[in-house]
1. Taking the conditions exactly as written (in a helix (DSSP H, G or I), in contact with a helix residue (DSSP H, G or I) (Cβ under 7 Å, 6 or more places away or on another chain) and either surrounded by fewer than 16 Cβ atoms within 10 Å (Cβ to Cβ) or modelled with pLDDT of 95 or more (or both)), does Ile77 satisfy them or not?
2. Looking at segment 112-127, is at least one residue among the aliphatic types (A, V, I, L, M) and either more than 24 Å from Gly46 (Cα to Cα) or part of a strand (DSSP E or B) (or both)?
3. Within segment 88-108, which residues are under 17 Å from Lys129 (Cβ atoms), in a helix (DSSP H, G or I) and not polar (S, T, N, Q)?
4. If you scan segment 11-70, which residues turn out to be of a type in the set (Gly, Ala, Ser) and not in a loop (DSSP other than H, G, I, E, B)?
5. Taking Ser106 as the residue in question, decide whether it is open to solvent by 20 Å² or more (accessible area, probe 1.4 Å) and among the small types (Gly, Ala, Ser).
6. Quick check on my filter: what residues within segment 191-224 are open to solvent by less than 60 Å² (accessible area, probe 1.4 Å), in contact with a strand residue (DSSP E or B) (Cβ under 6 Å, 6 or more places away or on another chain) and either of a type in the set (Asp, Glu) or assigned to a helix (DSSP H, G or I) (or both)?
7. Could you tell me whether Leu91 is open to solvent by 10 Å² or more (accessible area, probe 1.4 Å), hydrophobic (A, V, I, L, M, F, W, C) and farther than 17 Å from Phe8 by Cβ?
Amino acid sequence: MKKLNIYFTAGIPQLENTTEIIKLIQESGADMIEIGMPYSDPVADGPIIQKAHELALKNGMTIEHLFLQLKQIKNEIKIPLILMGYINPVLSFGFENFCKECSESSISGLIIPDLPPIEFEKNYQHILKKYNLNFTFLITPETSEERILYLDSLSSGFLYAVSSSSTTGNDTTVLRNEEYLSRLASLPLKNPVMIGFGIKSKEDFENVTEKADGGIIGTAFVNILLQNRDWKKNVIDFVHSIKE
C-alpha cells in the first residue's frame, strides 16, 4: 500500500485550527502528517506556502505554541507526525530543547532542508538519536548517486525526493520524470522513498508511486485551508479523493 503524507502549515486558517486539522487528516486515511513550522523567510517554498507562513505568523503561531497544541492531542494521534521547517528558529529555540519537546509531543521525525548533512552528522545526529527522532534529507534529480546513497545513510524514516531545484507548488518535471524515478527505484536504499512537490490529484499520486513508496501533498492541501470557508469538509473530501 502506497503511503500518503499530507503537509500543512501550523497556525492556519486560524491559530487554534492546528489540532483539528491533524485529527481530520488522520480520520480521512492519510498515513503520515508533515507539520510546517512558520518562518519569516521560507526560501524553498512557493507562493502559496509562503502565504501560509505569513498568515500563521500573523495569527501568532510560534514553536512554543505549536508544542502546546501537539501535547493536547498526543494520545489521540496514531500516525507519524513530522515537523518540517528551517534551522534558524530551531537553533533559536535550542536544538536539544527542541528535540526534547518533540519527544514529549509524539513527534516521530524532522525535516530541516537547510541543515547541511555535514553539520547534521557532526553536531546534531547524536541528539536526534538520544530523543529517538527520525531525520529526513531531500534529494533532487540533480543529486548524484553517490550523494543519494550518502543522504540515505544519514536519513531515517524516509528519503524525500523532490522535483528539480524548484520551489514547492511548482508544476515541475517530477511527475513525468521517469528516468529519475527509475534511477531511485534501482538504488539499494535503506529508506522508503516519498515523492514530493507537484502532486495535486489521485492520478498524480498514482503516477509517482508506481516507482516510489509514497507521495507527499503540500501546496494543493494548504490551498484548501487558505481558500475555502468550508475547509473542514474539503479537507476530508480531498484526502478521501487521493486514498480511495
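1. Values: in a helix (DSSP H, G or I): no; in contact with a helix residue (DSSP H, G or I) (Cβ under 7 Å, 6 or more places away or on another chain): yes; either surrounded by fewer than 16 Cβ atoms within 10 Å (Cβ to Cβ) or modelled with pLDDT of 95 or more (or both): yes.
Against the criterion (in a helix (DSSP H, G or I), in contact with a helix residue (DSSP H, G or I) (Cβ under 7 Å, 6 or more places away or on another chain) and either surrounded by fewer than 16 Cβ atoms within 10 Å (Cβ to Cβ) or modelled with pLDDT of 95 or more (or both)), Ile77 does not qualify.
2. Initial filter on segment 112-127 (among the aliphatic types (A, V, I, L, M)): 112, 115, 118, 127.
If we keep only those that are either more than 24 Å from Gly46 (Cα to Cα) or part of a strand (DSSP E or B) (or both) as well, we get 118, 127.
Checking segment 112-127: at least one residue is among the aliphatic types (A, V, I, L, M) and either more than 24 Å from Gly46 (Cα to Cα) or part of a strand (DSSP E or B) (or both).
3. To start, the set of residues in segment 88-108 that are under 17 Å from Lys129 (Cβ atoms) comprises 90, 95-104, 107-108.
This time we only want the ones that are in a helix (DSSP H, G or I), so: 90, 95-104.
Once the filter is applied, which keeps residues that are under 17 Å from Lys129 (Cβ atoms), in a helix (DSSP H, G or I) and not polar (S, T, N, Q), segment 88-108 yields Val90, Phe95, Glu96, Phe98, Cys99, Lys100, Glu101, Cys102, Glu104.
4. Step one: filter segment 11-70 for residues of a type in the set (Gly, Ala, Ser), giving 11, 28-30, 36, 40, 44, 46, 52, 56, 60.
Of everything in segment 11-70, those that are of a type in the set (Gly, Ala, Ser) and not in a loop (DSSP other than H, G, I, E, B) turn out to be Gly36, Ala52, Ala56.
5. Details: open to solvent by 20 Å² or more (accessible area, probe 1.4 Å): yes; among the small types (Gly, Ala, Ser): yes.
Yes; evaluated as a whole, the condition is true for this residue.
6. Phe205, Val208, Phe221, Val222
7. Values: open to solvent by 10 Å² or more (accessible area, probe 1.4 Å): yes; hydrophobic (A, V, I, L, M, F, W, C): yes; farther than 17 Å from Phe8 by Cβ: yes.
Yes: the conditions hold for Leu91.
The values are calculated or read from the model by the stated rules, or taken from the named source; none is laboratory data. Everything numeric in this text was worked out from a predicted model, so none of it was measured. With ideal geometry, Cβ positions are generated from the backbone for all residues, glycine too; neighbour counts draw on all protein chains shown. SASA here: full protein model, heavy atoms, side chains in, ligands and nucleic acids out. Shrake-Rupley method; radii C 1.70, N 1.55, O 1.52, S 1.80 Å.
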